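The values are calculated or read from the model by the stated rules, or taken from the named source; none is laboratory data. In this text the structure is predicted, and so the values were computed from the model without any measurement. Glycine gets a Cβ as well: all are built from the backbone with ideal geometry, and neighbour counts include every protein chain shown.
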Amino acid sequence: MAIEARHTSLPLRRAAVAAAALGILLSAGAFDFALADPFGVSQGSPPPEFGGFAGWILAEQSMFYQMLSGTIRSAKSNGSAVYALLGISFVYGVFHAAGPGHGKAVISSYLVANHETWRRGIVLSAASAVLQSLTAILIVAVAALLLNATAKMMDDTVNVIETVSYIFIILIGARLLWVKGRAFTKLLWTETQEHPRDHRHDHEHDHRHAHHDHEEEDASAWGHAHALEPQELAGPRGWRRGLTAVVSVGLRPCSGAIIVLVFALTQGLFWIGIASTFMMGLGTAITVASIAMLAVGARGIAAKIARAKPGRGLLFLRGLETAAAALVMIFGFLLLTGYMMSEKLMGI
Amino acid sequence: MTALLRIVLVAVVSLALAGHALAHPHIWVTMKTELIYAPDGSVTGVRHDWAFDDMYSAFATQGLDQQTKGVFTREELAPLAKVNIDTLKDSDYFTFVTADGKKIPLSDPPADYWLDYNDTVLTLHFTLPFKQPVKAKNLLIEIYDPTIYVDFEFAKENPVSTVGAPAQCKLKYQRPPEMKFTFSQGKVLGEAFFNSLTPAQNWGARFANKIMVNCG
């Protein structure tokens, strides 16, 4: 990468750095370690420097997860253990979300592809984490508490939800890819047409204060690319679209939360399990939101650099969004086919 | 520009190849394993006793029919045992056998498997036959979950034994590096350990419980 960048001009080099940073961020969720290579090609794909940090994350979440059962048990006789449990649950959530999992990878890619704002990035990632807690609680409350269903039935339920969730992710990715890809190829086409380009507007600035009546003028300024533009996102329709992403990611409950909830239930402390699950969700929300913020920030830097180079910079930005959109879809496929494992419930 | 696009492309492709995620352990198994010998001195298979941690035991027994509260009979646990054994097939029963460096294929367990439930702990008992009886100078049996979703650990006392082994065969076993964490003894694998792992390595295998038989 460094060698490639050396041959490009300074702003482009910075853009390359931003792109690389973005790649790393997006990969945060997906880059786990090469276990058995799913494609059978084997031998080293992810960079080794991830090992140390990711290994540490793994050890931490492992430790906190194991603390949970003991604390729930002591909460039975000792009321103050409840506070310890809530604290442990929260920290577990923070670490668990930092470890492997598809949630933040999909959300980060989605935010980049869709050119979302900081504020919305925080809200969307937090909402997906809270929704994850809610589905776990709902499944256990209905299945175990009301219907006295077996673990196998809960597992089957989660599998169905999981499949639906992954199909949603593929659909969202496909839609984004269609919109962004079209904008990208159109722009690529106009670029190669070599027509005089003097429309050097401050696009980013425009969009931040964009209103619907600017749509026409703006679209032409972006090289006739009638894509999903920020002004469209700013309206209620954009929120609704964002919610689809949240639902598709947050639908799949965390299996750890389900096991903890059922265990709490058998100890006669279901409400403690619920509180613990919400604390896990809160911890998860903080981590996912921070990672999403890094992705949004990296995209912002890329946009700033792109503005310095009106033609090609924009093309680069559109390419980035298209790649992120493709990523959302790829994640969906990998998850659905089991190449990118999330979590199982009935491990045995 | 093309350089940039290439960078983006590389990022996307490497992400697509990222593959399996690594979960942290959600299930802890304490096990005892027995090697079964035929009269001619060949190994025909292994017998596993796997005790699950109480959180998973509570989860797995949720909603099962029971006559007496807090007690599960072998019959009441039979459907769950079947689910366990059927699911384990996908994971190769977490048991990997090598004889003189050659991988040994395993057969599915016969129907003599069962679960019992004592003191909130669920234990799975099953036999795992080798496809063919094996006579080897060096036999290696590794038990681990490549995804580390299940954490395996030999029992504290007499975790490995043999039934009818020839006198010249020496049995040894090796525990994986510590990956247990408790309040009192916070023995945590250091950053250095994880850094020492190269990406191409099978992570779960680093946490394998090993049984070695030398009949030299």
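Descriptive notes on the structure:
- Out of B:Glu34, B:Glu75, sole residue that is at pLDDT 90 or above and surrounded by 13 or more Cβ atoms within 10 Å (Cβ to Cβ): B:Glu34
- Selection within segment A:238-280 - in a loop (DSSP other than H, G, I, E, B), under 24 Å from the mean Cα position of the chain (by Cα) and within 14 Å of another protein chain (Cβ to nearest Cβ): A:Arg252, A:Pro253, A:Cys254
- Selection within segment A:60-87 - in contact (Cβ under 8 Å) with a residue 24 or more places away in the chain and touching a Ser or Thr at 6+ places or on another chain (Cβ under 6 Å): A:Leu85
- Matching residues in segment A:132-187 - criterion: being buried (at least 20 other Cβ atoms within 10 Å of the Cβ), of a type in the set (Ser, Thr, Tyr) and without any contact (Cβ under 8 Å) to a residue 60 or more places away in the chain: A:Thr150
- A:Thr190 being hydroxyl-bearing (Ser, Thr, Tyr), surrounded by 20 or more Cβ atoms within 10 Å (Cβ to Cβ) and out of contact with any helix residue (DSSP H, G or I) (no Cβ under 6 Å at 6 or more places or on another chain): no
- Top-ranked residue of segment B:45-79 - restricted to ones that are closer than 22 Å to B:Tyr149 by Cβ and away from chain A (no Cβ under 13 Å), ranked as nearest to the chain's Cα centre (by Cα): B:Asp49
- In segment B:115-135, the residues that are under 16 Å from B:Val43 (Cα atoms) and modelled with pLDDT of 90 or more form Cβ pairs under 7 Å with partners that are surrounded by fewer than 16 Cβ atoms within 10 Å (Cβ to Cβ) and among the aliphatic types (A, V, I, L, M), at six or more places apart or across chains, as follows: B:Pro133/B:Ala38.
- Checklist (1) of a type in the set (Gly, Ala, Ser); (2) over 30 Å from A:Ala141 (Cβ atoms); (3) within 19 Å of the chain's Cα centre (by Cα) applied to B:Ser42, failing item: (3)
- The criterion of being at pLDDT below 90 and crowded, with 18+ Cβ neighbours inside 10 Å does not hold for B:Val97.
- Residue among A:Gly256, A:Gly300 that is small (Gly, Ala, Ser), surrounded by fewer than 18 Cβ atoms within 10 Å (Cβ to Cβ) and modelled with pLDDT of 70 or more: A:Gly300
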